[in-house]
There are 2 protein chains.
Amino acid sequence: MSRAEQRDATRQRIVDAAVETFAEHGFGASSTRDIATRAGVTQGLLTYHFASKDDLWRAAADQVFGGLVAALPVREPHPRSEEGRTAVRAAIRSYVRFAADHPELFHFMVDAGRHDDNRMRWLVDTHLAPFFAGLQALGGPTRGGAGKLAPHAYYALAGAASLIFAVAPECAALTGTNPQSSASVKRHADLIADLFAPE
Amino acid sequence: MSRAEQRDATRQRIVDAAVETFAEHGFGASSTRDIATRAGVTQGLLTYHFASKDDLWRAAADQVFGGLVAALPVREPHPRSEEGRTAVRAAIRSYVRFAADHPELFHFMVDAGRHDDNRMRWLVDTHLAPFFAGLQALGGPTRGGAGKLAPHAYYALAGAASLIFAVAPECAALTGTNPQSSASVKRHADLIADLFAPE
DNA sequence: TATTTCCCTTGTCAAGTGACCAGTTAGACT
DNA sequence: AGTCTAACTGGTCACTTGACAAGGGAAATA
């Protein structure tokens, strides 16, 4: 393996481990040693590839949000037409599926968004604002509301679609069924689509 | 002030500080020293009143969930009647208002629910399961679905109602408006009620 | 008043934290 | 081949962590 390939592969292993660890425990409760162990490298190597824990966190966030925009290809707006509605429903369903496969997105959002610090500012400026602007340009998943309602609908949708998967262990303990099973994901996607964009 | 009163007042100050700190940073990233400082006491006093950090966390969770059940008085079921629907809408609106006033509830749920450990088990057994059973007995906020759908609807509602307030600093930075303003809370309550229990 | 109780303070402990650094080794250039 | 470069290791640093222990001092009790 060439040196560049080796470097990229190692960095990728570290970032993957960081995504998991940050999502499971949050930024403050994750140690660089735990991340290194999970990635199968030494802690020293971690600080070699990433200048600081914050730097690693940003790389992990890049990976998570990159996966989101890849999973939700930007479409042309279909204002109020019949195909527009089914397109919105399809977009909502793929968002639910992404939330089920990658609850890390939700955890990064909640973990960073709850207090006003550098990480939150960075996440808003770098990922959330562009993504949100793209949603608004698309018309958004609002249900009959005007543009001003969009933020509320956005957070309502994100929460409704993601929470059950973000607390999957709790949901399993509470209800006895694993929400990440394909049948459960499908049922949740149906529910969310019916709620936010009824046929 | 009598000795018992003093004791209770001090414990209450510590629990209040713990609720804030755990909600802001999560369990693992909260230090008992930060909590003690916020409560205006020494760290040693904290370990005197609460045997361990886990013990303090349970006391804080008791306070948060106690506030929830106090804010949502249990009602008689109104199956499918007209008053039943408006009662459900009213319950949803007070839940949204509680989520706006006490985003700690959501943070405790998400922080504990994301991995299968003792705290999650305790939260499910002690608070979530009884609360959820009460909701199901009430008929639940499902929209035309049968009983089997209840878990999905429950998590969808909880997420839709709470997320915007749980990440209020992020929402403010992203959209420029404070979601916890009374006008914003009212608008969100309207949206959630319309989504989950349309008139 | 004398004594006991118990809320509370200060100080300390081992374990863990992120960052850093001198060495080592193997791929890449000349 | 010989030199250089950069990925990687092991170890160390000051600092924070939760828990604990010895003692003070005021309220409760006798």
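For the protein assembly as shown, the 222 nm mean residue ellipticity estimated from helices alone, with every DSSP H stretch of n ≥ 4 adding -39500 (n - 2.57) and the total spread over all residues, rounds to -22500 deg cm²/dmol. Considering only alpha-carbon pairs that sit under 8 angstrom and 6 or more positions apart, the relative contact order computed for chain B is 22 percent.
In this simple spin-label approximation, A:Gln180 and B:Arg121 carry label points 7 Å from Cα along the Cα→Cβ vector, and these lie 2.0 nm apart.
Computed from the C-beta positions of A:Asp194 and B:Ser2 and an R0 of 56 Å, the FRET efficiency is 0.45 to the nearest 0.05. Label-point distances for A:Ala4 to the equivalent site in the other copies, using a point 7 angstrom along Cα→C-beta, read 7.6 nm when ranked shortest first.
Placing a pseudo-label 7 Å from each Cα along the Cα-to-Cβ vector at A:Ser94 and A:Gln43 gives an inter-label distance of 4.2 nm. Just check the protein assembly as shown against the gyration tensor rule for me: Cα atoms, a ≥ b ≥ c as the square roots of the eigenvalues, rounded for a/c under 1.5, and otherwise prolate or oblate depending on whether a/b exceeds b/c. Verdict is oblate for the protein assembly as shown.
Compactness ratio for chain B: Cα radius of gyration over 2.2 N^0.38 Å (N = residue count) comes to 1.12. Helix screen, chain B: DSSP H segments with Cα axial length of 15 Å or more and mean Kyte-Doolittle hydropathy at least -0.5 are B:53-71, B:82-101, B:150-166, B:182-196. Counting only other chain Cβ atoms within 10 Å of each residue's Cβ, the peptide B:114-125 averages 4. Between A:Val69 and B:Val69, the distance separating the two model label sites (each 7 Å from Cα on the Cα→Cβ line) works out to 4.7 nm. Peptide B:98-106 has a mean of 1 when you count, residue by residue, the C-beta atoms of other protein chains within 10 Å of its C-beta.
Coordinate-derived values only; no laboratory data. What you see is a predicted model; the values in this text were computed from it and never measured. Glycine also receives a Cβ, built like all others from the backbone with ideal geometry; neighbour counts cover every protein chain displayed.
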